[in-house]
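**Student:** Attaching a single structure in structure tokens format; questions to follow.
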Amino acid sequence: MKKFSDTEIEKLNSQLRGVAPSEIIQWVLASSNNPVVTTNFRPYEAAILHACTQVDSSMKIIWCDTGYNTLPTYKHAQFLMDHLDLKVKLYTPKETAAYRDAFFKGIPGVDSPDHDEFTRQVKLEPFQRAMTEQNPDVWFTNLRKGQTNFRDSIDILSYSKDGLLKVSPFYHWSDEKLDGYLREHKLPNEFKYFDPTKVLDNRECGLHA
């Protein structure tokens, strides 16, 4: 995938604003050799999974499961995997939840000195391992404006800290507009999602910032 300059990225983001997500995905895939979608099956993830696999049914899906998801989230994930025939590459922490419970005495709070190591174990290491093994040239995400301060600073196209092109086709979409997308395509949503590393919804998870 071509490396865009800051000026080119700014111009492309201006041109892509208002373009349908499916068209953005098609445009990116025309120049990509090894794209991936990352998901945690949180609310509205069904939209990006549906949009990407409708364009390319063989798209690889990376799911880094912390091991702390809720029962509704696991059921939601299984439904989408079956319904959309997702090609999921599952990555989990090397340590078990029981191991962490023994050493951290449960899930550390954000002010705990153990929080950084907990986050590394359950989220950062599995994600880095996934990206190393899959070696994508494009990373599709469902990041959207208004979610966190960091996400407000990016756009449809941005680069990760490792220089990988991130594409967020629904970046400018509101919850209400995504609700309509899910209704149109008869897709479920699931709000009983839990991220043990974030605590607060508007706190960045660490993979993107």
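**Student:** Mind checking which residues of region 127-179 are under 15 Å from Met1 (Cα atoms), outside any loop (DSSP other than H, G, I, E, B) and in contact with a Ser or Thr (Cβ under 9 Å, 6 or more places away or on another chain)?
**Tutor:** Correct list: Val138, Trp139, Phe140, Leu157, Ser158, Leu165, Lys166, Val167.
**Student:** Something else: Name the residue, out of Ile62, Ile156, that is touching a residue at least 60 places away in the same chain (Cβ under 8 Å) and within 19 Å of Phe41 (Cα to Cα).
**Tutor:** Ile62
**Student:** Do we have any residue at all in region 19-40 that's free of Cβ contacts under 8 Å to residues at least 12 places away in the same chain, assigned to a helix (DSSP H, G or I) and among the acidic types (Asp, Glu)?
**Tutor:** Scanning region 19-40, I find at least one residue that is free of Cβ contacts under 8 Å to residues at least 12 places away in the same chain, assigned to a helix (DSSP H, G or I) and among the acidic types (Asp, Glu), so the answer is yes.
**Student:** Determine which member of the set Asp114, Asp179 is farther than 24 Å from Pro43 by Cα, free of Cβ contacts under 8 Å to residues at least 24 places away in the same chain and touching a Phe, Trp or Tyr at 6+ places or on another chain (Cβ under 9 Å).
**Tutor:** Step by step, each of Asp114, Asp179 is checked, and only Asp114 is farther than 24 Å from Pro43 by Cα, free of Cβ contacts under 8 Å to residues at least 24 places away in the same chain and touching a Phe, Trp or Tyr at 6+ places or on another chain (Cβ under 9 Å).
**Student:** Among (1) at positive phi; (2) within 18 Å of the chain's Cα centre (by Cα); (3) of a type outside the set (Lys, Arg), where does Gly18 come up short?
**Tutor:** So the condition that Gly18 fails would be (2).
**Student:** Taking the criterion of being modelled with pLDDT of 95 or more and in a helix (DSSP H, G or I), would at least one residue in region 86-103 satisfy it?
**Tutor:** No, the conditions are met nowhere in region 86-103.
**Student:** Within region 102-138, restricting attention to residues that are of a type in the set (Phe, Trp, Tyr) and out of contact with any strand residue (DSSP E or B) (no Cβ under 6 Å at 6 or more places or on another chain), which residue is least open to solvent (accessible area, probe 1.4 Å)?
**Tutor:** Phe118
**Student:** Which is modelled with pLDDT under 95 and open to solvent by less than 20 Å² (accessible area, probe 1.4 Å), of Thr141, Thr197?
**Tutor:** Testing whether each residue is modelled with pLDDT under 95 and open to solvent by less than 20 Å² (accessible area, probe 1.4 Å) leaves just Thr197.
The values are calculated or read from the model by the stated rules, or taken from the named source; none is laboratory data. Keep in mind the model is a prediction, meaning the values are calculated, not measured. Cβ atoms come from the backbone with ideal geometry, glycine included; neighbour counts cover every protein chain shown. The accessibility values were calculated without ligands, DNA or RNA, using every heavy atom of the protein model including side chains. Shrake-Rupley method; radii C 1.70, N 1.55, O 1.52, S 1.80 Å.
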